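The values are calculated or read from the model by the stated rules, or taken from the named source; none is laboratory data. Small disclaimer: the values here were computed from a predicted structure and weren't measured. Every residue, glycine among them, receives a Cβ derived from its backbone with ideal geometry; neighbour counts consider all protein chains shown. Remember, those area values only see protein heavy atoms, side chains included, never the ligands or the DNA or RNA. Shrake-Rupley method; radii C 1.70, N 1.55, O 1.52, S 1.80 Å.
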Amino acid sequence: DAGITQSPRHKVTETGTPVTLRCHQTENHRYMYWYRQDPGHGLRLIHYSYGVKDTDKGEVSDGYSVSRSKTEDFLLTLESATSSQTSVYFCAISEMNSPLQETQYFGPGTRLLVL
Amino acid sequence: AQTVTQSQPEMSVQEAETVTLSCTYDTSESNYYLFWYKQPPSRQMILVIRQEAYKQQNATENRFSVNFQKAAKSFSLKISDSQLGDTAMYFCAFMKPNPTSGTYKYIFGTGTRLKVLA
C-alpha cells in the first residue's frame, strides 16, 4: 500500500471557522491531489500540486486553498467553513513517470461535518 | 468537456456469479486512459484495472476484465466468480494527459454500489 495518511480522519466544526486538513505521503511522489466525495457526484477535484509550492485549481476550488511547502505534505484549508463543505475529503498521490504507469493512490479519507 | 456516466447506482450479485458494471464517457480526445477504482466500506480507494485507449485488447486482472468499446465510448467492468470481498463502490474514471503542462486530468463517474450476496 502507498504510504499516505490523512489527518484528522474525522472532524466536526461550526460554520465560519477555519479548517485545515493534512495529507502526508512517504512515497516522495511529485503530484498530490485533493478530492471531495459527495453522493451523486462521485469524486471531484478541488486542487492539485505538481511540486513544492506549485499548485493549481480543480473543478470545485471555490472556498478552498492549498499549500505545499514540502514534498511530503499537502494541506487543504477551508478559510471559513460552510455547510456545503460537509463532505468526505480524499488525498491522492501519483508519480506521473509516464501515462502508461500513471496511477493515483488514495489516502483513507477525512470525514468533515460543518454544522 | 469530458464526462463519465455510470447509470447503475446499485447492483447486487450472488456469490460466485458474474456481474457487469457499465460506464460510458464522452470525449473528443484520442489519447486517454480509463480506470476502474474500488472503494470498499473502509473507504480506501483501490485501483482495480486500467485501459489505454490506443490498445484494442481488453485489459484483464485476475477475476476482473473490461469490455472496452472505443467507438461506442463504453468501458464496462466484468467481475467473474464474485466474492463477498468484492462488495464495494466502484468508480469509473477517465484520464487525459496534458502534454503542455505535464499533468493528468481525471474525471470520475458517480459510482456503482455493488453488493455480493452470500
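Structure values in brief
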read-out	value
Positions within the stretch B:1-24 being over 11 Å from the mean Cα position of the chain (by Cα) and more than 16 Å from B:S82 (Cα to Cα), in sequence order	B:A1, B:Q2, B:T3, B:S7, B:Q8, B:P9
Candidates A:S69, A:S83, filtered to the one that is within 20 Å of A:P18 (Cβ to Cβ) and touching a strand residue (DSSP E or B) at 6+ places or on another chain (Cβ under 7 Å)	A:S83
Breaking point among (1) within 14 Å of another protein chain (Cβ to nearest Cβ); (2) within 25 Å of A:T15 (Cα to Cα), for A:Q104	(2)
Strands (runs of 3 or more DSSP E) wholly inside the stretch A:1-110 containing at least 1 residues that are within 30 Å of B:K55 (Cβ to Cβ), under 15 Å from the mean Cα position of the chain (by Cα) and among the hydrophobic types (A, V, I, L, M, F, W, C)	A:4-7, A:31-38, A:42-51, A:87-94
Restricting the stretch B:70-95 to residues that are away from every other protein chain (no Cβ under 14 Å) and of a type in the set (G, A, S), the residue that is nearest to A:R111 (Cα to Cα)	B:G85
Residue match in the stretch A:55-71 (condition: facing another protein chain (nearest Cβ under 8 Å) and open to solvent by 20 Å² or more (accessible area, probe 1.4 Å))	yes
Cross-chain or 6+ apart pairs with Cβ under 8 Å, the stretch B:1-16 first and open to solvent by less than 50 Å² (accessible area, probe 1.4 Å), then part of a loop (DSSP other than H, G, I, E, B) and among the β-branched types (V, I, T)	B:Q2/B:T27; B:Q6/B:T110
Single residue of B:N67, B:N58 found to be outside any loop (DSSP other than H, G, I, E, B), over 30 Å from A:T110 (Cβ atoms) and either open to solvent by less than 60 Å² (accessible area, probe 1.4 Å) or among the polar types (S, T, N, Q) (or both)	B:N67
Subset of the stretch B:3-22 that is within 11 Å of chain A (Cβ to nearest Cβ) and in a loop (DSSP other than H, G, I, E, B) - its residue that is modelled with the highest pLDDT	B:Q6
Count of residues meeting criterion [at pLDDT 90 or above, within 14 Å of chain B (Cβ to nearest Cβ) and open to solvent by 70 Å² or more (accessible area, probe 1.4 Å)] in the stretch A:10-42	1
Filtered residues of the stretch B:31-63 (kept if of a type in the set (S, T, N, Q) and either away from chain A (no Cβ under 13 Å) or in contact with a His (Cβ under 6 Å, 6 or more places away or on another chain) (or both))	B:Q56, B:Q57, B:N58, B:T60, B:N62
Hits in the stretch B:74-118 (condition: open to solvent by 20 Å² or more (accessible area, probe 1.4 Å), under 20 Å from B:P9 (Cβ atoms) and assigned to a loop (DSSP other than H, G, I, E, B))	B:T87, B:T110
